[in-house]
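Structure first, then comments.
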Amino acid sequence: MTRLKCSDTGEWINLGKEISNSGEGRIYQTSKAGFLAKIYHTITQDKIDKLQAMVKKPPVDPTRSQGHVSIAWPKCLLQDSYGKNLGFLMPAIGNGQTLINVYNPALREKKAAGFNWFYLHTTAKNIASIVKAIHKNSYVVGDLKPDNLLVTPNACVSIIDTDSFQIVDRQTRKIYRCPVASQEFTPREMFSKDLQKVDRSEFQDSFAVSSRCL
């Protein structure tokens, strides 16, 4: 059993079952109810600095008062017994399916048959409120695509993969860029750009929202 410590509170957390494995890292269930852990295959100092900036200044979750997590934001960095940062703790999002199963008519008929126009409009409104909350902190989603938006049966929405967002450190003013993009949700001016070297804007998120995310 792997035990890791939350960098902020000192709480020890056990990793449980692995539920996902990508090119960047693995996602695990944890002993802390309602939370998952993302452990990177390789973590750089730049990524650690970015995560620390995110932990210090999370956006205000627009559905916090309703008991729903709309933004799966890093809660703390996770360290081994030697103090080495390995990943982070984040809220688990349950009972949701990716947005494409809601907005695509054929998939909606099979996987979300109860979704009528009222639910679709509510979903769109909730996505807009999430993006607005993120922009209020001067952050940019960057890779805003249906795979990163989970929708519950009552049209609540959660955005995941938040560690890929473009983040501004409020103290140092350093910008940690979003290194990924999905072409079908990326405006033309970003084509052929080196994403490691270019800053994103809120307007590009607006393009993604208005293209095929809704």
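Derivation of every value follows stated rules applied to the coordinates shown; laboratory data play no part. Predicted, not measured: the structure shown is a model, and the values here were computed from it. Note that we place each Cβ from the backbone using ideal geometry, even for glycine, and neighbour counts take in every protein chain shown.
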(message) Criterion first (in contact with a Leu (Cβ under 7 Å, 6 or more places away or on another chain), β-branched (Val, Ile, Thr) and surrounded by fewer than 20 Cβ atoms within 10 Å (Cβ to Cβ)) does Ile43 satisfy it?
(response) yes
(request) Collect the residues in the stretch 181-197 that are in contact with a helix residue (DSSP H, G or I) (Cβ under 9 Å, 6 or more places away or on another chain) and surrounded by 12 or more Cβ atoms within 10 Å (Cβ to Cβ), keeping them in residue-number order. (result) Ala181, Ser182, Phe185, Thr186, Pro187, Glu189, Met190
(request) Please determine, by comparing only the residues of the stretch 2-44 that are assigned to a strand (DSSP E or B) and among the small types (Gly, Ala, Ser), which one is farthest from Ala72 (Cα to Cα). (result) Gly16
(message) Return the residues of the stretch 178-194 that are in contact (Cβ under 8 Å) with a residue 24 or more places away in the chain and in a loop (DSSP other than H, G, I, E, B); say none if nothing qualifies.
(response) Cys178, Val180, Ala181, Ser182
